[in-house]
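K.L.:
What follows is a structure written as structure tokens; I'll ask about it next.
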Amino acid sequence: TIAAREWLSAFRTPLGWLLLAATQIILTWILLQVLDGFTGLEPPERTAGLNLELTHNVFGSAAVLLMLTVPLLAARTLSGERRDGAWQLLSAAPLTLAEILLGKFAALAALSLLLCLIPLGLCLTLLGAAPIDPGLMFAATLGLWLAGLLFCAVGLFAASISSQPAAATVIAYGLLMLISIINRADHLAAEQLSLLDWLSWNQHLFWFLAGVVRVSDLVYFVLMSLLFLALAHRRLDNLRLG
């Protein structure tokens, strides 16, 4: 019930529609730029690089757009309710805190999936006109959605920290930027810091964009999403007890 309520509320205002429209316009422009780079090449040359160029550029740009939009949606669904006083009413309902949090997470996950289907649909429109590899596109979509789930969990955790949507969005951006560039420390220190490379979400997304679905990457996104959801649950539980 909570997930359906959050899903519908996202499209009762222009925000959800604007995000979908902006995502489609930006990704369509990137798709056309990639295709323009392959115009005039021989068929073997187009086949060799077109699919990877599409996944790395279109799906990679979609990941950046997800990282920018999901915290806005998470801040709206949780920080906005805390600011307006609706959270007190919701938390007083005969529901556990975990059920409320998972309902909001499910709604954000569904919205993220909708955004992830845009680059897939754009690339599949080339079927019959270009040597598109559908398996590679589906693998990239899976990785993109898993990254979106991580962004949802981080956004909810940030929204549990602050009751101001703007502040929660900034906190989420900071956390996501941290786990985006944390692997850079590996280039400045010894090999013992390889754990930092594992913590970077874009390192795991890269394999999906290459068409490789590894168990370790699946485990990473699931564990990191659960970690931030657990942190959000702990924070909200402390607020309720306080």
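The values are calculated or read from the model by the stated rules, or taken from the named source; none is laboratory data. Bear in mind that the values here come from a model prediction, so they are computed numbers and not experimental data. A quick note on method: Cβ atoms are made from the backbone with ideal geometry, for glycine too, and the neighbour counts reach across all protein chains shown. Just so you know, the surface numbers come from the protein's heavy atoms only, side chains and all, with ligands and any DNA or RNA stripped out. Shrake-Rupley method; radii C 1.70, N 1.55, O 1.52, S 1.80 Å.
K.L.:
Could you tell me whether T28 is within 25 Å of L127 (Cβ to Cβ), in contact with a Leu (Cβ under 8 Å, 6 or more places away or on another chain) and either modelled with pLDDT of 85 or more or aliphatic (A, V, I, L, M) (or both)?
P.N.:
Yes: the conditions hold for T28.
K.L.:
Looking at G85, is it of a type outside the set (D, E, K, R), out of contact with any helix residue (DSSP H, G or I) (no Cβ under 7 Å at 6 or more places or on another chain) and farther than 30 Å from V34 by Cα?
P.N.:
For G85, the condition - of a type outside the set (D, E, K, R), out of contact with any helix residue (DSSP H, G or I) (no Cβ under 7 Å at 6 or more places or on another chain) and farther than 30 Å from V34 by Cα - is met.
K.L.:
How do the helices (runs of 4 or more DSSP H) wholly within the range 105-222 filter down when requiring 3 or more residues that are aliphatic (A, V, I, L, M) and modelled with pLDDT of 90 or more: which remain?
P.N.:
134-161, 165-181
K.L.:
Has the range 64-72 got at least one residue that is more than 24 Å from Q164 (Cβ to Cβ), in contact (Cβ under 8 Å) with a residue 24 or more places away in the chain and surrounded by 19 or more Cβ atoms within 10 Å (Cβ to Cβ)?
P.N.:
no
K.L.:
Check the range 201-217 and report whether any residue there is out of contact with any helix residue (DSSP H, G or I) (no Cβ under 8 Å at 6 or more places or on another chain) and either β-branched (V, I, T) or open to solvent by less than 50 Å² (accessible area, probe 1.4 Å) (or both).
P.N.:
Looking through the range 201-217, at least one residue is out of contact with any helix residue (DSSP H, G or I) (no Cβ under 8 Å at 6 or more places or on another chain) and either β-branched (V, I, T) or open to solvent by less than 50 Å² (accessible area, probe 1.4 Å) (or both).
K.L.:
So how many residues does the range 98-134 have that are among the hydrophobic types (A, V, I, L, M, F, W, C), over 22 Å from the mean Cα position of the chain (by Cα) and loosely packed, with under 15 Cβ neighbours inside 10 Å?
P.N.:
Residues meeting the conditions: 2.
K.L.:
For a quick check of your reading of the model, give me the residue pairs whose first member lies in the range 202-218 and is more than 15 Å from S180 (Cβ to Cβ), whose second is open to solvent by 50 Å² or more (accessible area, probe 1.4 Å) and at pLDDT 95 or above, with beta-carbon atoms closer than 7 Å and at least 6 apart or on different chains.
P.N.:
So the pair list comes out as F208/L142; V213/L142.
K.L.:
Quick one: which of E42, E53 is open to solvent by 10 Å² or more (accessible area, probe 1.4 Å), under 22 Å from the mean Cα position of the chain (by Cα), at pLDDT below 90 and of a type in the set (D, E)?
P.N.:
None of the others qualify; the one that does is E53.
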